[in-house]
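In what follows, a single structure is set out as structure tokens and then discussed.
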Amino acid sequence: MTMQIPTRVPMLALLFLLGTTLLAGAAAAADRPLGVVDSQRIADEYDAARDAQEQYQKFLRELELEVADKEKSLTQLAEEIESQKMLLGEEALATKVQQFEQQRAEYFQFRETIDQRAETEYTAKITPILDQVKTIVDRIGKERGFGLIVDSAAMTVLYLDADFDLTDEVLSALARGGE
């Protein structure tokens, strides 16, 4: 029996250390305002984002219909083989079974490509919106002197002024032996 706790504890400790380090950096730059953006509201209220999401959902529904059609065709062929196997000659039955196996292989190959197709479609529809939001957030961050802007819905950093980045200090301390 292996325990996973030892691998999680150091990660939690590292995350805690990084969190406190970021808070210390934020306190040191307290004169710089912090900003919050709610990406869920943007997705709900921005027409282009809603349209992109609707187009993506439509694409997913079409994929589901394609899957259902392929499954129906495969099921019909299996039922046809089952109902005719006593009537068909050995060669005709072997041909039908081979046809079924070919369709079955094509179906599973199709199923394997679905995730990639969905990801590609998502990237095509949503990435331009995300890029647009990122550009606007960067501009607002620089123009208004924000030190840090976070996405409250995703709990991620959208904009970080270089003054807030303490990575070099942490790496230097680690190089000195963790001081």
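Details
- Listed peptides 84-97, 54-67 appear in the order 54-67, 84-97 once ranked by packing, highest mean of other Cβ atoms within 10 Å at the front.
- Efficiency of FRET from Cβ geometry, L34 and L65, R₀ 35 Å, rounded to 0.05: 0.15
- Counting only lysines at least 8 places from K125 when in the same chain, those with an alpha carbon closer than 20 Å to its own are K58, K134.
- Cα-centre dipole for region 21-133 with unit charges at Cβ (Lys and Arg positive, Asp and Glu negative), debye to 20: 220 debye
- Note on K85: lysines with a C-alpha under 26 Å away, same-chain residues under 8 apart excluded, are K70, K72, K96.
- Spread of Cα-to-Cα distances over 5 Å intervals beginning at zero, given as percent, for region 31-175: 2, 8, 11, 11, 10, 9, 8, 7, 7, 6, 5, 5, 4, 3, 2, 1, 0, 0
- Antiparallel DSSP beta bridges within region 31-175, percent to nearest 5: 50 percent
Values in this text are rule-based calculations from the coordinates and carry no lab data. Here the structure is a predicted model, which is why all the values come from computation and not from measurement. Cβ atoms come from the backbone with ideal geometry, glycine included; neighbour counts cover every protein chain shown.
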